[in-house]
1. Search region 98-119 for residues that are at positive phi and pair each with any residue that is outside any strand (DSSP E or B) and not aromatic (Phe, Trp, Tyr) when their beta-carbon atoms are under 8 Å apart and the residues are at least 6 apart or on different chains.
2. Leu117 - would you say it is farther than 11 Å from Leu49 by Cα and assigned to a loop (DSSP other than H, G, I, E, B)?
3. Which one is surrounded by the most Cβ atoms within 10 Å (Cβ to Cβ), of the residues in region 58-85 that are among the acidic types (Asp, Glu) and part of a loop (DSSP other than H, G, I, E, B)?
4. Among the listed residues Gly41, Gly93, which satisfies the condition of being at pLDDT 85 or above, surrounded by 10 or more Cβ atoms within 10 Å (Cβ to Cβ) and out of contact with any Cys (no Cβ under 6 Å at 6 or more places or on another chain)?
5. Those residues that are touching a strand residue (DSSP E or B) at 6+ places or on another chain (Cβ under 7 Å) and charged (D, E, K, R), I need them from region 123-152; list them, please.
6. Given the options Pro147, Pro167, Pro154, name the one that is on the phi < 0 side of the Ramachandran plot and either modelled with pLDDT of 90 or more or not in a loop (DSSP other than H, G, I, E, B) (or both).
7. Does region 96-113 hold any residues that are outside any strand (DSSP E or B), at pLDDT below 90 and touching a Ser or Thr at 6+ places or on another chain (Cβ under 9 Å), and which are they?
8. May I ask you to say which residue of Val84, Val46, Val59 is of a type in the set (Val, Ile, Thr), over 12 Å from Ser110 (Cβ atoms), at pLDDT 85 or above and in contact with a strand residue (DSSP E or B) (Cβ under 6 Å, 6 or more places away or on another chain)?
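The values are calculated or read from the model by the stated rules, or taken from the named source; none is laboratory data. Keep in mind it's a predicted model, so treat the numbers as computed, not measured. Methodologically, a virtual Cβ is constructed for each residue, glycine included, from the backbone with ideal geometry; neighbour enumeration extends over all protein chains shown.
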Amino acid sequence: MKVVVYCPCRRRVRLVPGVLSVREQTGKAAPTPEHAGLREGRKLLVFKLTYSQEATLSVAFLDGKGNPAETDGPPEWLVSNPNVLALEPAADGLSCVCSAVGPLGQATVSVKADADLGAGRKEVVGLLDVTVTAGTAVTVVITPSAPVEQPDGPTPVRKSSRRKKTPPHQ
């Protein structure tokens, strides 16, 4: 089977079936080198806050098929860098207010819970990378260098950077 597609530049492009096919992955996903050290839990995404923002983080625990699962007791919320983020968990532990402290930087928020409903303990962990960025500029700071003597010779005349007003068109 031959498929011909016309692109906007009016050239014919021939697609060969099977070369760029999409297949469902049947085996277990292999960890990337960046996350190979994580035994439990997975990084979901990178979240951005400005230095003056906060967000409510919610957690849900799911089984291997994506169904809601129970945990033994409320989950525990942790942050890797308390100089960048502050956490205020809700009483039930299923949500947490994450606030930027002020300095720019990165931190990882983790939530862990006991997935074993019996006497044992099987920890399940979720991670969220948070980057705190600068907000909108509100102040301009001009910093001069240390004064130095001008080189010998005449001082060059510098043109003003202001534009001359031009009369309106008549």
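1. Close Cβ pairs satisfying both conditions: Gly105/Asn81; Gly105/Asn83; Gly105/Val84.
2. For Leu117, the condition - farther than 11 Å from Leu49 by Cα and assigned to a loop (DSSP other than H, G, I, E, B) - is met.
3. Asp72
4. Among Gly41, Gly93, only Gly93 is at pLDDT 85 or above, surrounded by 10 or more Cβ atoms within 10 Å (Cβ to Cβ) and out of contact with any Cys (no Cβ under 6 Å at 6 or more places or on another chain).
5. Glu123, Asp129
6. Pro147
7. Within region 96-113, just Gly102 meets the criteria.
8. The conditions single out Val84.
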